[in-house]
Structure formats: C-alpha cells, structure tokens
Amino acid sequence: MSFLPNIIFAIVLIVGVGFFAKNVKKIIRNIKLGQKVNRTDHSSARWKNMALIAFGQKKMFTRPIPAILHFTLYAAFIITQIELLEIIVDGLFGTHRFFKDSLGGFYTFLISFIEILSLLALIATIAFLSRRNLLKLPRFNKVEMLGWPTKDANLILIMEVVLVACIFTMNGTDEVLYSLGKSHYVGDSASFNFTITQHLGPALFGGMSESALHVLERVGWWGHFLMVIAFLNYLYFSKHLHILLAFPNTYFADLNAKGKFDNLESVTNEVKLMMDPNADPFAAPANPDAVPAKFGASDVQDLNWVQLLNAYTCTECGRCTSSCPANTTGKKLSPRKIMMDTRDRLEEVGKNMDANNGVFVPDNKSLLNDYITPEELWACTSCNACVEECPINISPLSIIMDMRRYLVMEQSAAPMELNAVMTNIENNGAPWQYNQQDRVNWRNEA
Amino acid sequence: MSENLVVPTMAEMMAQGQTPEVLFWVGCSGSFDDRAKKITKAFVKILNKANVPFAVLGTEESCTGDPAKRAGNEFLFQMQAMMNIEVMNAYEVKKIVTACPHCFNTIKNEYPELGGKYEVVHHTEFLKSLLDSGRLTIEGGQFKGKRITFHDPCYLGRANNIYEAPRDLITKLDAELVEMKRSRANGLCCGAGGAQMFKEPEKGDKDINIERTEDALETKPEIIAAGCPFCNTMLTDGIKNKEKEASVQVMDIAELIANAQDL
C-alpha cells in the first residue's frame, strides 16, 4: 500500500519521458527529410558559436532588458533541474529530501539559490506576460501571431508561473512542518533556512493544520513534477523547442560571411558542360537513371536539413520581422512567418507519413503557394537583417532564396521587370539595355 | 576634365607588357548610370593622384551576376560568373577593387568556388590603405566640421562585416560623423538589394528608401555618405521625395575624398 505513490510516480515518469522520446524521434525523422548539406567542418568554430550564442546567449544581449529577464528564466530552468533530480530520487525510492544529508550546508545554499532564481524567474515571467498582453508590443501582435501562436506563448508563461508556485508551496509548507517537527525530513533544527521559504512559509502557511500542510506539501511536490512532465511533452506541440534545439541549431549554422549565398552544384555542372568547347552534346549521361535535380525549393523536402532544423528551433520571438525592411514598411513578407510556415508544412508532411506507414503520399499541397506566397518572397531585399537579428542563428533568408530559385528556374515566374533585367544581363552583360561595347565610354565623357 | 583621367584597360596594359597592381572592377552601375559614373570618375582621380597602377576590364567586363542570383536565376549567375572568371584568370588578376558592394560581395564570396580566387577589396578599404601607407594624403578642407552621416550598405556591412573603413575616411576629413539610430549591424536597407533595384516594390504602406531617408534626416546631416551606387540612387530619390535637395547631398565616400583634394 505504501508503495502506491512510488509506483504511480514511476509510471508517470516512464510514460512521460517515453512520449517525449517518441516525439523527439518524429522531429529527427522530419528534419532528415531535408536535403544533405555538410555542416560538420570547422568544429572548433562551431563549438565556439554554440557556447557563445546558445549557452551564453550573446546575441540576446543586443537588447539588454529582455536579455536579462530571459537569462534569469534560463538560469532558473537549468538550476531547478537539480531539485527535479531530487524529486525523481525521492519519488522512486520514497525518501524525502534525499540530498540534504549528504550535501549538508551546501544543500541549504543550493535550494536557497533555486528559490532566489525562481523568484526572479517569476518576476521575469510576469514582465513577459505584461509585455505580450498589456504593452502589446507590435511584433507580438503581427498577423501571423493571431490565434494559436499567441495562446501558445501565454500558455508556456503560465506554466512557468504554476511551476514556481509549486516550488514555493512545496518548500514553504515543508518549512512550517519542519518547524513543528512534523516534516518527513527528520532533523534537529527549527528551520531549513532556505532564503525565501523560511520567511514565506510561515507567512503563508503558518497556523494551518498539520494535515492541510501535508496535503499542500504533496500538491506542491507532485505539482512540480507533473508540470515538468507536462512541459516536456508540450514542447513538441509548442514553439518552445528552442530550449533544446538552440544548441544544435547554433552548432550547425552557416559559418560563411552572411553575403555568401551557396552556389548550386547541379547548376555548376550544367554550366560547365555548356561552356566546355570539347563537351559532346550527344554523350550519354553518366548516370541515365538519375532523377534530374530540381532547382530550388517548392516544398519542405527540397530544403536542406539545417533549414528544417531552423524551423523547429524558431521560438517566434519576431526580432527578424521587427528588423525586416519589407515588413516594417507594410509588405506582406515576415521572416518569422517563413519559419512558422516551414514548420507547419513539415509537421503536415510528417503527419501524412504517420498516417501512411511512413511514406509521404502527395497531398496536392506545397510550402509554396499553400503557405508562402510569391508576393512575400519577392518583397525580400536580401539585406540579412533577419539573419543578423536572430538570437540563435536561424536563416529565413536562405529559405526565401531557395524558393525564388524554384519560381525562376522551374516555373519562369519572376516578376516581369526582373525577366527584362535577366534578358539584358544575358544579352548585353548589364541589367540595363546598354551595349557592352559602351562599357568604358565614361572615361572619355566630360 | 576627362583628359586628365588615365584609365588603361587590361588589354591595353597587356599589349604594353605591363601588369597593374590592382584591377578596378567598375560594375554595371559605375559604367552606365549617370550618377554612378561620377563616383567611378572620382575614384579614378584618386587612383591617378596616388599613382596607383590600375586597369579596368572595359568591354571585357560583364555583370557579376549578383542581381540574377538574388532574383533566383542561378543559371544566369553562374554563366556570368564563369565568363568573368575566365577573363580575369586569363589576365592573371590577383587583386580587385570595386566601388560596388554587390560586385564586391559576389566576387569575394561566390566566385572562389567557381574558380575565381582573388583578393577583393571595397574601394573604402582601398582608400584607407592608401592613406595608411602614406600614398595618399588628405586634408579636411571644405568638409571640416560638416555633419556627415554614413549609410551602411547591407552587402558591405552585415554581409561582410566592414563597418569601420568608410567611417575612418569620413573622420579623416575632419567632418563630424553622426550616426543614424539604426547603423552598423542594425543598419536599415535602402531598399535596393536582392534585385529590388530593378522592380517595383510589393504593396505596402511605405517605400523602404523613404523610411531610410527619414532615418538619415533625423541626424540633421549636411551630407549623407554612401558606399554603394544603388544605395546612392535610393537615398537620392528619398531626398528628392522629401524636397531636401537644396540642403542635403548624397555623396559617395570616394567623391568626398576627391572633392577634399579638389580633384
């Protein structure tokens, strides 16, 4: 009978982690639908990027106030895992404050530190909730944020408030119980001496009956555990995967100068053949069964796997969109929407595969047109502001460019003026209709 | 004035058995656009004054392919690139200077994989190196104390992390360099990049060049300095739109230096 809580705990833990693992496998499978791209070179530069940008949040600090608030949440999140570890040990083995005896004074310091960070995290969370819901920052209220994305963001913040409340309830009630000598932790002093709950506990819960305190203590303890399991499983459905994926995302990010766009290899081969005077136009292709390469991207499978990883990593903060010259002057293009659309379409493709034994059955839809319109794609100035702004090195620009390539090379669907420009470049080596022979006339003009 | 310009082509130099120190890549805008040609000439005057042995490709130069690539036409880009590379490799070009950040970026970053490996510098970097090495000296003269703001071209700044060379040159003119609220890595695009220069903008509530011109005008400048012929056009249009032509000039850094020298 007394093992029942331990058994329930073990089941919740195994099922919770199991479901999460299943969804992680799905994410990995979906990301692998992308085209190959080698991002394993220069590993020391990549580790450095990950350390500075993901772990150290370097790029967040271009806007110091949100950066500090965000860093507080992040630090609280990481440090609280120590308490979670204790909860898991206690939950499985029926102990109470398992680490306290072995850690002694350091335990008091650790839990106090967690309490202080939790309080700061609570303040940060409230600030974030007010920023979204009271101050109504424009970038949180763009058209792509209407509906689910806004609810998603608020839900995550509310979960954080609940989590912190659970921590204080758990420690606060235990503090009162301990001072009464009724805590499950048996000790000989009058207080745990945790910085916040040694005051907060008596203030909130002092005078309550012992049984009520025991119930509340368990509510806080189970609440903490269940929130963590719930949060873990919610990640997959939310925009919040960045807490995990920011690390691989910064590691695999493009290391080249931002101005360098990739040269399509399939095109290089064809152009070389075209320009080679010795090429035999009637020669049989080296590999006659090879599927001719598709130029550019019209759907998620045409993008590379790093672009798909980018899509799962995006947390919809909207810094890209708020710095985008097209978006801020009222055009439809929003780099954040490009990332959200890519993820939504990738999820749709993944669900299609789940329903069809792992094989994608064409659904007459595509990322282009059904999610992202040519109007959005043509509004981009390729200025790299979105790439510069992204705190975790996502590149919406690379997706925009790959989709333009599809529009132009597969569909000849460039805006009319650009067709004229391309004709000019082809015929006379300049975007305008000037003769190449006149290229150096300027040296003779007064 | 034109008789003062010494502008040999690579072919002419080769015929005389000479090799220039640097190839000046003029670019389409610098070759054909009336406003940009003035920038080209200003830069050449400085090169002549500093006795830099340079040459242009002249009729053998062709579009780098930047607007084609950014419009999505990778085929056309690579054809242009390979033709240009063939020409430059035949002349054994080692170093290239250009006043166009788009040409600069493309040749520097996208040509090497296609076989075109050169040292590529933007003209502001080149001018700074001339000053640093003492081959060129300038005095502030007419720009002393003038309020000048610098607009970072995306393909020079964010794309290639070059922010200081143009600013150093403005400071060397004894001018008062004033920064826009969005500058350096946060600089706002002029609206021309990614082949936008050649098409009408998509529907919106404002043109990007107007937004950027407003950023610049907020600094109450006498001169808006640019380092890109396309930014120059966009900002000049913005100034006309705001009817400020009488009080605010848009000038390339090369023009500032050339004017300071009364060239």
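Structure notes:
- Within the range A:280-320, the set of residues being at pLDDT 95 or above and of a type in the set (A, V, I, L, M) comprises A:Ala297, A:Val300, A:Leu303, A:Val306, A:Leu308, A:Leu309, A:Ala311.
- The single condition among (1) free of Cβ contacts under 8 Å to residues at least 40 places away in the same chain; (2) buried (at least 23 other Cβ atoms within 10 Å of the Cβ); (3) facing another protein chain (nearest Cβ under 8 Å) that B:Ser62 does not meet is (2).
- The range A:302-335, residues that are closer than 18 Å to A:Ile243 by Cβ and part of a helix (DSSP H, G or I): A:Leu309, A:Asn310, A:Ala311, A:Tyr312, A:Thr313, A:Arg319
- Residue that is farthest from the other protein chains (Cβ to nearest Cβ), among those in the range B:213-227 that are under 20 Å from the mean Cα position of the chain (by Cα) and not in a helix (DSSP H, G or I): B:Ile223
Yes/no per residue for (1) free of Cβ contacts under 8 Å to residues at least 24 places away in the same chain; (2) part of a loop (DSSP other than H, G, I, E, B); (3) in the same structural domain as A:Tyr406 (by TED's automatic domain parsing):
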| residue | (1), (2), (3) |
| --- | --- |
| A:Trp221 | no, no, no |
| A:Ala230 | no, no, no |
| A:Ala286 | yes, yes, no |
| A:Ala297 | no, yes, yes |
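- So B:Met180, is it farther than 27 Å from A:Met422 by Cβ, touching a residue at least 24 places away in the same chain (Cβ under 8 Å) and buried (at least 17 other Cβ atoms within 10 Å of the Cβ): yes
- Count - residues of the range B:45-86 that are under 12 Å from B:Leu23 (Cα atoms) and either in contact with a helix residue (DSSP H, G or I) (Cβ under 8 Å, 6 or more places away or on another chain) or among the aliphatic types (A, V, I, L, M) (or both): 8
- Any chance B:Val7 is surrounded by fewer than 24 Cβ atoms within 10 Å (Cβ to Cβ), within 11 Å of chain A (Cβ to nearest Cβ) and within 19 Å of the chain's Cα centre (by Cα): yes
- First in the range A:57-84 and of a type in the set (Lys, Arg), second anywhere and modelled with pLDDT of 95 or more and not in a loop (DSSP other than H, G, I, E, B), Cβ under 6 Å, 6 or more apart: A:Lys58/A:Leu52; A:Lys59/A:Ile53
- Residue in the range A:116-130 that is surrounded by the most Cβ atoms within 10 Å (Cβ to Cβ), counting only those that are in contact (Cβ under 8 Å) with a residue 12 or more places away in the chain and out of contact with any helix residue (DSSP H, G or I) (no Cβ under 6 Å at 6 or more places or on another chain): A:Leu119
- Flag if B:Thr149 is of a type in the set (Ser, Thr, Tyr) and in contact (Cβ under 8 Å) with a residue 24 or more places away in the chain: yes
- Counting residues in the range A:264-282 that are surrounded by 22 or more Cβ atoms within 10 Å (Cβ to Cβ) and part of a loop (DSSP other than H, G, I, E, B) gives zero.
- Residue within the range B:193-201 that is under 25 Å from B:Leu127 (Cβ atoms) and within 12 Å of chain A (Cβ to nearest Cβ) present: yes
- All positions within the range B:131-154 that are farther than 24 Å from B:Glu218 by Cβ and surrounded by 19 or more Cβ atoms within 10 Å (Cβ to Cβ): B:Leu136, B:Ile138
- A:Glu388 being surrounded by 17 or more Cβ atoms within 10 Å (Cβ to Cβ), within 7 Å of another protein chain (Cβ to nearest Cβ) and part of a helix (DSSP H, G or I): yes
- Subset tally (residues that are surrounded by fewer than 19 Cβ atoms within 10 Å (Cβ to Cβ) and assigned to a helix (DSSP H, G or I)) for the range A:399-442: 12
- Qualifying residue in the range B:89-98 (condition: more than 16 Å from the chain's Cα centre (by Cα), assigned to a helix (DSSP H, G or I) and more than 7 Å from every other protein chain (Cβ to nearest Cβ)): yes
- Pick from the range A:84-108, criterion touching a Leu at 6+ places or on another chain (Cβ under 9 Å) and more than 22 Å from A:Val164 (Cα to Cα), ranking: surrounded by the most Cβ atoms within 10 Å (Cβ to Cβ): A:Leu103
- Residue within the range A:333-342 that is of a type in the set (Lys, Arg) and out of contact with any Ser or Thr (no Cβ under 9 Å at 6 or more places or on another chain) present: no
- Within the range A:15-41, restricting attention to residues that are out of contact with any Leu (no Cβ under 6 Å at 6 or more places or on another chain) and part of a loop (DSSP other than H, G, I, E, B), the residue that is farthest from A:Thr313 (Cα to Cα) is A:Asp41.
- Residues of the range A:406-429 that are more than 7 Å from every other protein chain (Cβ to nearest Cβ) and farther than 22 Å from B:Lys203 by Cα: A:Tyr406, A:Glu410, A:Gln411, A:Thr423, A:Asn424, A:Asn427, A:Asn428.
- Test: residue in the range A:103-121 that is modelled with pLDDT under 95 and not in a helix (DSSP H, G or I): yes
- Selection count where residues are surrounded by fewer than 24 Cβ atoms within 10 Å (Cβ to Cβ) and out of contact with any Leu (no Cβ under 9 Å at 6 or more places or on another chain), scope the range B:37-52: 3
- Against the list (1) buried (at least 24 other Cβ atoms within 10 Å of the Cβ); (2) within 14 Å of chain A (Cβ to nearest Cβ); (3) under 25 Å from B:Ile170 (Cβ atoms); (4) within 13 Å of the chain's Cα centre (by Cα), the condition B:His123 fails is (2).
The values are calculated or read from the model by the stated rules, or taken from the named source; none is laboratory data. Please read all numbers here as calculations on a predicted model, not as lab measurements. Reconstructed Cβ throughout: ideal geometry from the backbone, glycine too, with neighbour counts over all protein chains shown.
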